[in-house]
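The values are calculated or read from the model by the stated rules, or taken from the named source; none is laboratory data. Because the structure is predicted, anything quoted here is derived from the model rather than measured. To get the accessible areas, we keep the full protein, side chains included, count just its heavy atoms, and leave off ligands, DNA and RNA. Shrake-Rupley method; radii C 1.70, N 1.55, O 1.52, S 1.80 Å.
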Amino acid sequence: MAVLQHGSDASKDEALDRLGDLALGTASEGPQQAALFRSAVISSGVIPALVSLLGSTEPRRQYLTAVALHKLAIDDPTTELDNTHSLEICQGGAVGPLVKLLASKEARLAAILNAG
């Protein structure tokens, strides 16, 4: 989380990309492992830092943040471990900034977000 708050721009982008990869990639160890990882990340208090990064002026960082939030919000129907993640992300203030990104004048960002 410290990298997301205090790291260089490049390190923030790398951390966001890696966070998204791990949120789903840990499923190779079993679906419960991915759910446990997502639960640990959410429990760490990272949501405010991610919501803050949605307000970045860098379209790539906005995109990486939106993708990371999406992957953290995924609910594995075989477990109860991650049932509240999307609610916690919404309650953490992500909805407004995500909606704003959908209407972005940055054509590439808006197209990518609207396609997903």
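Observations on the model:
- Candidates 84, 57, 26, ranked by Gaussian network fluctuation over the chain, Cα under 10 Å, top entry: 57
- Over the chain, accessible surface divided per residue gives 56 Å², non-protein components excluded, 1.4 Å probe.
- Under the criterion of Cα pairs below 8 Å and six or more residues apart, the relative contact order for the chain equals 24 percent.
- Angle in degrees between helix 9-25 and the longest Cα principal axis of the chain, rounded to the nearest 10: 30
- Once you reduce the stretch 45-59 and the stretch 19-38 to the center of their Cα atoms, the two points are 21 Å from each other.
- Heavy-atom accessible area for residue 74, with the other protein chains in place and a 1.4 Å probe, reaches approximately 50 Å².
- Between helix 59-73 and the chain: long-axis angle, C-alpha atoms, 0 to 90°, nearest 10: 20
- For the stretch 47-54, Karplus couplings with θ = phi - 60° (6.51, -1.76, 1.60), whole Hz, Gly/Pro x: 4, x, 5, 5, 4, 4, 5, 4
- Here residue 12 is the anchor, and the aspartates and glutamates within straight C-alpha reach of less than 13 Å, apart from those fewer than 8 places off in the same chain, are 58.
- Applying D = kT/(6 pi eta Rh) to the stretch 7-101, where Rh is the Kirkwood radius over alpha-carbon pairs, T corresponds to 25 °C and eta to 0.890 mPa s, the Stokes-Einstein value obtained is 184 µm²/s.
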